[in-house]
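A.B. asks: First, the structure itself, so that you have it in front of you.
The values are calculated or read from the model by the stated rules, or taken from the named source; none is laboratory data. Values in this document were obtained by computation on a predicted structure and should not be read as measured data. Cβ sites come from the backbone with ideal geometry, for glycine too, and all protein chains shown count toward neighbours.
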Amino acid sequence: MPHQITPFFPKVLLILATTLLTACYSVRVVNRDAIYRQVTPSGNGFYADREVHTLDTVIRSKSWQQFWLQEKPCGDCGFYSVEYLNTLGGSLRYFFTIGSRRTIRIKYVCATK
Amino acid sequence: MATTITRKITEYDTLHKNGPWPAEYMHSTSIDGRLEQADFFQCYNDAAAEIQRLLDMVRAKGEGFRAIGSSWSLNHIGQHDTHMHFNRGMNLRRAISVADVHAQSSYKSENLFFFQCGTRVKEINNYLFTFGKSLKTSGASNGQTIAGCISTGVHGSAHDVGSMQDYVVGLNLIIGPGPNDIVYLEPASKSALSDAFAAQIRARVIRNDELFHAALVGLGSFGFIHGIVIEVEDLFLLNRYVTSLDRAEAFRLAGTLDFRNSSFRIPGEVDALGKPNMPHHFKVFMNPYRHDAQLRAEIIYKKPYRKDYPDPIPRVRKALYTEFIAGMGNIIGRIPNRIPALSRMLEGAALPPENADPNTPVTGTHAEIFFDSLQQGPAFACEFCVPLDKAVKAYELLSALCRNEGPVPGLFAMRFIRKSEALLGCPAFPYTCMLEIDGVIWRAKKKDLSLQAFCKRSIQVLQGNQIPFTMHWGKTADWAYPGIIEYMYGEKAKRWREYRSALLSKEMAQVFSNKFLDETGLSEYVDNAPVALAKSTI
Ligand SMILES: Cc1cc2nc3c(=O)[nH]c(=O)nc-3n(C[C@H](O)[C@H](O)[C@H](O)COP(=O)(O)OP(=O)(O)OC[C@H]3O[C@@H](n4cnc5c(N)ncnc54)[C@H](O)[C@@H]3O)c2cc1C
């Protein structure tokens, strides 16, 4: 007998999809006085001429409130910008680990002296 | 030691996607950080040696070499088919001391600063601020490099100051790989730095007014500009108003700059007799598809510096171009018929919003008012420099061109500046109106006017109506239009070629040429150029 999808499932999927999609967002903090490390232009948008580094990492939700970058990414120059992205993958992991793990993507641009 | 990273590439493009064009190698030299800490001159000379090494390599192969700054020019002036050099790692800076100044100089040492070519305007602003100093003028934002700026003649709308090259007082050029090929050039009539300073950068000195003025706006072709000495001034504040003014009066002002007798006045910006003060900066915006009775204008007055003013940046940022333009570009670009209607929306996105109270200014330093650009994505910008009394006529002609043969997704603006002493300076008239149209790059269908056709027709329309004009070297134009350089500069272009040929060997002139220079006919070498042209005149 073919498996019957009860009306309950589409609703759950819809709620899940909506929740996950709305959980995809990014927050970018830019240091307005800093000068960004430049590259020759390619692509479009904010990073077109900025030397951008991307860091994907999984962290335990407990350590979320204070997250340390392991190495000293910009030497003595500090950050020009830091962007935190909550991606679909990140939201899925969060969902399936019942909130214990979080994948985060960080994009940062270093400042120059 | 300075290090160069070389990448093999296939093409080069500008920040605003005006290309791409072919290119083979992108070199990028960075100064040695340890030397920088130890000794400025050692570090600087070490970088010079590295540039000479690259020049020698390129020369030996019979190829070309072109330096680029931030690639903010909206055309191929910075492109070379073979070797390109990205200057971002060359940003040394130094305050000039009393001992560095020429004995007969009229400059105050505290106002002179030396910058390596790749230093960006924002870096300069930040650095000068620590000395209580400011640039006299710059473009509307701050991402360009100092060498890139002077090479194309970047300007703002400070009509009493002029363009950025006009406060350059000395140039350090590398014109080849030999020991005699490092030159410190300044005008004979107004020396800035001493021979001892030149010796420290291992440069031979040339003091020659005309040669200096030829090299100032050098189009990337007068050798590698390694260092630039500029004159700055004490920090000042700017009161920036964005307001609307009557179209007829805006156009009268555009043709005369006669603010003192204007019916337009801002209550806080009048003299004791109630007469309007002369602004430091005036810019007026026009939508070619609308005949608005009121035009948006940006008017700025210069004030002495004081510390107690509110942070202007949040309001300044609102008043700049936004990323929205790039998004609009995608929509407009696909449906050209909708351009006039959509240009209204573009206006909303691109024009600075009127101040909530048009009589209350945003106050900030020069660096704060002309802050970071938010403009992104494919864009074009055409700019015609016309005499003041032809400004309105030129606008009428070009806006009619947009309406009759367009549509063209752009907005016009007029800025005003004093004549430049540079031989190929775009502001070639006693007072020049810089009539610009900025917009998004559109994809024209067969019957529509393309950007290329618009550029060509603009030249034809202005020429056909006997409007004298020049074009901004860093902007979008039909640079290959036959005879355009002679029309714009006549005898000056001839002299520029002669001075360039006198300074550079034939071999190095070829190294420092590119397609842009070939198209404009400026790469032509004058074999019999008198050597005296490249000698000191004192
Ligand atoms: C958002 C935006 C805003 C702008 N606003 C203004 C404005 O307000 N006013 C204005 O006048 N223009 C403006 N422009 C145009 C732009 O400022 C100029 O075209 C400027 O020349 C770009 O500087 P750059 O450092 O990017 O140089 P590039 O575009 O990279 O190069 C320009 C030229 O300089 C040469 N060059 C660079 N470094 C050297 C060197 N070391 N030695 C020899 N030649 C060199 C290059 O070969 C090239 O010929 C704007 C452009 C953009 C994208």
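A.B. asks: Scan segment B:72-81 for residues that are within 10 Å of chain A (Cβ to nearest Cβ) and surrounded by fewer than 24 Cβ atoms within 10 Å (Cβ to Cβ) and report the count.
C.D. replies: 0
Okay, residues lined up against (1) within 14 Å of chain B (Cβ to nearest Cβ); (2) modelled with pLDDT under 90; (3) not in a loop (DSSP other than H, G, I, E, B):
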| site | (1), (2), (3) |
| --- | --- |
| A:19 | no, yes, yes |
| A:27 | no, yes, yes |
| A:43 | yes, yes, no |
| A:53 | no, no, yes |
| A:64 | no, yes, yes |
| A:70 | no, yes, no |
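A.B. asks: Can you pull out every residue in segment B:183-221 that is within 16 Å of the ligand (Cβ to nearest atom), β-branched (Val, Ile, Thr) and either within 14 Å of chain A (Cβ to nearest Cβ) or not in a loop (DSSP other than H, G, I, E, B) (or both)?
C.D. replies: B:183
A.B. asks: Given the residues B:84, B:90, which is the only one that is crowded, with 20+ Cβ neighbours inside 10 Å, at pLDDT 95 or above, within 9 Å of the ligand (Cβ to nearest atom) and not in a strand (DSSP E or B)? Step through it out loud before you land on a result.
C.D. replies: Values: B:84 fails: not in a strand (DSSP E or B).
Sole residue among the options that is crowded, with 20+ Cβ neighbours inside 10 Å, at pLDDT 95 or above, within 9 Å of the ligand (Cβ to nearest atom) and not in a strand (DSSP E or B): B:90.
A.B. asks: Among the numbered criteria (1) more than 21 Å from residue B:175 (Cβ to Cβ); (2) within 14 Å of the ligand (Cβ to nearest atom); (3) not small (Gly, Ala, Ser), which single criterion is violated by residue B:39?
C.D. replies: Residue B:39 satisfies every listed condition except (2).
A.B. asks: Something else: If you go through segment B:449-494 one residue at a time, how many are of a type in the set (Asp, Glu) and closer than 25 Å to residue B:13 by Cα?
C.D. replies: Pass one, segment B:449-494, residues of a type in the set (Asp, Glu): B:478, B:486, B:491.
Okay, now just the ones that are also closer than 25 Å to residue B:13 by Cα, so B:478.
Residues in segment B:449-494 being of a type in the set (Asp, Glu) and closer than 25 Å to residue B:13 by Cα: 1 in total.
A.B. asks: If I filter segment B:417-431 for residues that are basic (Lys, Arg), in a strand (DSSP E or B) and touching a Ser or Thr at 6+ places or on another chain (Cβ under 7 Å), do I get at least one hit? Can you show your working first?
C.D. replies: So in segment B:417-431, the residues basic (Lys, Arg) come out as B:418-419.
Now drop any that are not in a strand (DSSP E or B), which leaves B:418.
Right, trim to touching a Ser or Thr at 6+ places or on another chain (Cβ under 7 Å) and you get none.
No, every residue in segment B:417-431 fails to be basic (Lys, Arg), in a strand (DSSP E or B) and touching a Ser or Thr at 6+ places or on another chain (Cβ under 7 Å).
A.B. asks: Follow-up question, since we're still on this one. Return the residues of segment B:106-141 that are surrounded by fewer than 23 Cβ atoms within 10 Å (Cβ to Cβ), assigned to a loop (DSSP other than H, G, I, E, B) and within 16 Å of the ligand (Cβ to nearest atom); say none if nothing qualifies.
C.D. replies: Residues satisfying the conditions are B:136, B:139, B:140, B:141.
A.B. asks: What number of residues within segment A:29-41 satisfy the criterion of being at the interface with another protein chain (Cβ under 10 Å from one of its Cβ atoms) and part of a strand (DSSP E or B)? Walk me through how you get there before you give the answer.
C.D. replies: Of all residues in segment A:29-41, those at the interface with another protein chain (Cβ under 10 Å from one of its Cβ atoms) come to A:30, A:32-41.
Then drop every residue that is not part of a strand (DSSP E or B), which leaves A:30, A:36, A:38.
Number satisfying all stated conditions: 3.
A.B. asks: How many residues does segment B:489-538 contain that are within 16 Å of the ligand (Cβ to nearest atom) and hydrophobic (A, V, I, L, M, F, W, C)?
C.D. replies: 10
A.B. asks: Looking at segment B:36-84, which of its residues are without any contact (Cβ under 8 Å) to a residue 24 or more places away in the chain and touching an Asp or Glu at 6+ places or on another chain (Cβ under 6 Å)?
C.D. replies: Across segment B:36-84, there are no qualifying residues.
A.B. asks: Restricting the search to segment B:266-302, which residues are surrounded by fewer than 15 Cβ atoms within 10 Å (Cβ to Cβ) and either among the basic types (Lys, Arg) or part of a loop (DSSP other than H, G, I, E, B) (or both)? Walk me through how you get there before you give the answer.
C.D. replies: Initially, segment B:266-302 is screened for residues surrounded by fewer than 15 Cβ atoms within 10 Å (Cβ to Cβ), giving B:267-268, B:270-275, B:290-294.
Scanning segment B:266-302 gives B:267, B:268, B:271, B:272, B:273, B:274, B:275, B:290, B:291, B:292, B:293.
Each row is one residue, and each column tells you yes or no for (1) in contact with a helix residue (DSSP H, G or I) (Cβ under 8 Å, 6 or more places away or on another chain); (2) at pLDDT below 95; (3) within 11 Å of another protein chain (Cβ to nearest Cβ); (4) in a loop (DSSP other than H, G, I, E, B).
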residue: B:4; (1), (2), (3), (4): yes, no, no, no
residue: B:17; (1), (2), (3), (4): no, yes, yes, yes
residue: B:28; (1), (2), (3), (4): no, no, yes, no
residue: B:34; (1), (2), (3), (4): no, yes, no, no
residue: B:41; (1), (2), (3), (4): yes, no, no, no
residue: B:48; (1), (2), (3), (4): no, no, no, no
residue: B:70; (1), (2), (3), (4): yes, no, yes, yes
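A.B. asks: In segment B:471-484, which residues are away from the ligand (no atom under 15 Å from the Cβ) and either touching a residue at least 60 places away in the same chain (Cβ under 8 Å) or assigned to a helix (DSSP H, G or I) (or both)? Explain how you work it out, then say what you get.
C.D. replies: So in segment B:471-484, the residues away from the ligand (no atom under 15 Å from the Cβ) come out as B:478, B:480-484.
Residue satisfying the conditions is B:484 alone.
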